[in-house]
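The values are calculated or read from the model by the stated rules, or taken from the named source; none is laboratory data. It should be emphasised that the depicted structure is a prediction, and the values quoted were computed from it without experimental measurement. So basically every Cβ, Gly included, is an ideal-geometry build from the backbone, and we count neighbours across all protein chains shown.
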Amino acid sequence: MPKVLVSDPIDQVGIDILSQVAQVDVKTDLSPDDLIRIIPDYDALMIRSGTRVTQAVIEAGNQLKIIGRAGVGVDNVDVLAATRKGIVVVNSPEGNTIAAAEHTLAMMMAMSRYIPAANQSVKADKWDRKHFTGVEVYKKTLGIVGLGKIGAHVATVARAMGMKLLAYDPFISHERAEQLGCRIVEMDVLLQQADYITLHIPKTAETTHLINAAAIARMKPTARIINCARGGIIDEAALAQALQEGKIAGAALDVYEQEPLGESPLRSLGKEMVMTPHLGASTEEAQVNVAIDVAEQIRDVLLGLPARSAVNIPGLRPDLLEQLRPYLQLAETLGNLVAQLAGGRVEALTVRLQGELATNQSQPIVVAALKGLLSHALQERVNYVNASLEAKERGIRVIETRDASIKDYTGSLHLSAKGSLGEHSVTGALLGDSEIRITSVDEFPVNVPPNRYMLFTLHRDMPGIIGKIGSLLGSFNVNIASMQVGRKIVRGDAVMVLSIDDPLPDDILAEILKVPGIRDAYTVTL
Ligand SMILES: NC(=O)c1ccc[n+]([C@@H]2O[C@H](COP(=O)([O-])OP(=O)(O)OC[C@H]3O[C@@H](n4cnc5c(N)ncnc54)[C@H](O)[C@@H]3O)[C@@H](O)[C@H]2O)c1
Ligand SMILES: O=C(O)CC[C@@H](O)C(=O)O
């Protein structure tokens, strides 16, 4: 039975799902060293934001197949290291959207009416009403940075509260922003015009310290800022200084550059600063949603099924994947074949989707072709997760084309690769729903199923040559299972494709190449 380690608190419903297929160990509060020590025993790791899955953890996780993040952000996972090792990383992109948006709105209101400080004051036996006069959000301008899932829900509710909405998101269309009642503006305009600024973007190199001293200097002195996205998008030292100097009116933070928050000047600020300890996703509903979402994906991957929200494999809905599965197998077989014909050091792979296949999403097919292409060199180390990265790191250029007008089969796939043995191409199609046929080799038409051991020759189409190859293989005690010749013109060049029952002896190619009329010969193991 596979083993799953749950290293952060996860709703029981997730544990129950995992327990259907795996032994589940819940071990929260592990130190980084403890995690590295025990991870070699596990096939899957399920986390929230508390566990840092570093390169060292991933390298130690020899059995790891999947890392499941019960939430949105995967910035606590070294996704590149996981990808390199072929480990799927999945998340729950929508399970806590409402929770995070509602927390943002709660923070905006709490900050506007000084609710946390007023609450503390009443609990300290005081009755101070003058000190806590707040401001209304009605008719104020809210600047939303990042109009994705959470930003959009914040926009919908804030609009209903009578706020005017500006948004900065270079990846969102004006139409989508309009639907949400937002006006798309440049960041500088948003900084200058907003009364409230709320951040709903991922933390990337580009967004780190997006709100720094210079950005704060552009803001109104009455402006208030909310960060329920990721720590580090705001420069905390610059924010603390701006609040101390009254350069802006308030801030509400749920996330911090370091979590848990250590010593920080933010802690000593007054009622203008509202802080929560990364509670954006902490609702009962969200925790059930994310636990189900991620546990189901871990269960599926452990059962050999695809994950629906993998962050490091081409996004593909499981129903589409099911439909494409025979073509993925075809792409992998052809990739493996063309790599061996082209020899080592493939520089470029061209993938052409033909006929009805040309209307499909090409990315998974390209990934499958790359997996096949690299499988000879990397064996089981290459998979759908790391094939593209491995190809990129080897400097393999990938060219994708489509030609819907090629209709000799319903749908077919043409691959050509340039390697140390020159440029070679293969085409393949499906017979019925899933039987693979190789339908051309170097543009010569054939129709053969792939076989574990194969021999391909390029020769002159002349009498006697097939017999000579047959006798030669016989003299090496090699049994031929099937043989086919493909040619374009009579007595021109031709290819011969032989399926063999056993591996071909190493020295046989040299003998084949001595047969008069043989121009080239390749042995292939699929
Ligand atoms: N506090 C919490 O507990 C909590 C809970 C859930 C999500 N989050 C965080 O909230 C953030 C948003 O989550 P989401 O689900 O809305 O994500 P999303 O992917 O739906 O939306 C992110 C948006 O940011 C935009 N964007 C990316 N780079 C940008 C840039 N440089 N400038 C402006 N816009 C940019 C994208 O176009 C996208 O529209 C994430 O960082 C996520 O980790 C926090
Ligand atoms: O795990 C959590 O509670 C936080 C989740 C949140 O930060 C997210 O990105 O989904």
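For the residues V288, V294, the requirement of being among the β-branched types (V, I, T) and either touching a strand residue (DSSP E or B) at 6+ places or on another chain (Cβ under 9 Å) or crowded, with 19+ Cβ neighbours inside 10 Å (or both) singles out V294. Does L105 satisfy the condition of being out of contact with any Phe, Trp or Tyr (no Cβ under 7 Å at 6 or more places or on another chain) and either within 15 Å of ligand 1 (Cβ to nearest atom) or acidic (D, E) (or both)? Yes: the conditions hold for L105. Going by the conditions given, is A307 in contact (Cβ under 8 Å) with a residue 40 or more places away in the chain, in a helix (DSSP H, G or I), crowded, with 19+ Cβ neighbours inside 10 Å and hydrophobic (A, V, I, L, M, F, W, C)? Here the answer is no, as A307 does not meet what is asked. Tallying residues that are exposed (fewer than 12 other Cβ atoms within 10 Å of the Cβ) and either under 26 Å from E136 (Cβ atoms) or within 12 Å of ligand 1 (Cβ to nearest atom) (or both) within the range 207-221 yields 1.
Of all residues in the range 1-37, those being over 24 Å from E59 (Cα atoms) and of a type in the set (S, T, Y) number 1.
A quick yes/no check of all residues on (1) in contact with a strand residue (DSSP E or B) (Cβ under 9 Å, 6 or more places away or on another chain); (2) more than 10 Å from ligand 1 (Cβ to nearest atom); (3) outside the structural domain of G304 (by TED's automatic domain parsing); (4) over 20 Å from P260 (Cβ atoms):
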site	(1), (2), (3), (4)
I38	yes, yes, no, yes
Q55	no, yes, no, yes
G71	yes, no, no, no
V79	yes, yes, no, yes
I87	yes, yes, no, yes
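Before we move on, is R397 modelled with pLDDT under 85 and not assigned by TED's automatic domain parsing to the domain that holds D78? So R397 fails the test.
Among the candidates A494, A521, the residue that is under 30 Å from Q354 (Cβ atoms), outside the structural domain of T359 (by TED's automatic domain parsing) and in contact with a helix residue (DSSP H, G or I) (Cβ under 6 Å, 6 or more places away or on another chain) is uniquely A521.
Is the range 269-283 home to any residue that is in a helix (DSSP H, G or I) and away from ligand 2 (no atom under 11 Å from the Cβ)? No: zero hits. Count of the range 271-310 residues, restricted to those that are within 16 Å of ligand 1 (Cβ to nearest atom), over 23 Å from the mean Cα position of the chain (by Cα) and either within 23 Å of D25 (Cβ to Cβ) or aliphatic (A, V, I, L, M) (or both), is 4.
For every residue, the table says whether it meets (1) among the acidic types (D, E); (2) more than 24 Å from L210 (Cα to Cα); (3) crowded, with 18+ Cβ neighbours inside 10 Å.
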{"site": "M107", "(1), (2), (3)": "no, no, yes"}
{"site": "S121", "(1), (2), (3)": "no, yes, no"}
{"site": "D125", "(1), (2), (3)": "yes, yes, no"}
{"site": "K140", "(1), (2), (3)": "no, no, yes"}
{"site": "V154", "(1), (2), (3)": "no, no, yes"}
{"site": "M161", "(1), (2), (3)": "no, yes, no"}
{"site": "E175", "(1), (2), (3)": "yes, yes, no"}
{"site": "V185", "(1), (2), (3)": "no, no, no"}
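Just so you know, in the range 414-429 the residues that are in contact with a Lys or Arg (Cβ under 7 Å, 6 or more places away or on another chain) and modelled with pLDDT of 95 or more include one that is nearest to I508 (Cα to Cα), and it is G428.
When the range 185-205 is limited to residues that are farther than 14 Å from K220 by Cα and touching a Ser or Thr at 6+ places or on another chain (Cβ under 7 Å), the one that is nearest to ligand 2 (Cβ to nearest atom) turns out to be I201. Exactly one residue among L357, L374, L421 is of a type outside the set (S, T, Y), outside the structural domain of R519 (by TED's automatic domain parsing) and out of contact with any Asp or Glu (no Cβ under 9 Å at 6 or more places or on another chain), and that residue is L357.
Against the conditions (1) out of contact with any Gly (no Cβ under 6 Å at 6 or more places or on another chain); (2) surrounded by fewer than 18 Cβ atoms within 10 Å (Cβ to Cβ), where does M454 fall short? Just the number, please. If we test M454 against (1) out of contact with any Gly (no Cβ under 6 Å at 6 or more places or on another chain); (2) surrounded by fewer than 18 Cβ atoms within 10 Å (Cβ to Cβ), just (2) comes out false. Within the range 93-146, restricting attention to residues that are hydroxyl-bearing (S, T, Y), in a helix (DSSP H, G or I) and farther than 30 Å from V311 by Cα, the residue that is farthest from ligand 2 (Cβ to nearest atom) is S121.
Picking from residues in the range 389-426 that are assigned to a loop (DSSP other than H, G, I, E, B) and not aliphatic (A, V, I, L, M), the one that is surrounded by the most Cβ atoms within 10 Å (Cβ to Cβ) is Y409.
Within the range 39-77, the residues that satisfy the criterion of being within 16 Å of ligand 2 (Cβ to nearest atom) and in a loop (DSSP other than H, G, I, E, B) are R48, S49, G50, T51, R52, A70, G71, V72, G73, V74, D75, N76. Can you tell me which residue within the range 184-206, out of those that are over 19 Å from A152 (Cα atoms) and part of a loop (DSSP other than H, G, I, E, B), is farthest from ligand 1 (Cβ to nearest atom)? Across the range 184-206, the extreme among qualifying residues is A205. Out of all the residues in the range 459-504, which are part of a loop (DSSP other than H, G, I, E, B), under 45 Å from the mean Cα position of the chain (by Cα) and more than 16 Å from F444 (Cβ to Cβ)? Across the range 459-504, the qualifying residues are D501, D502, P503, L504.
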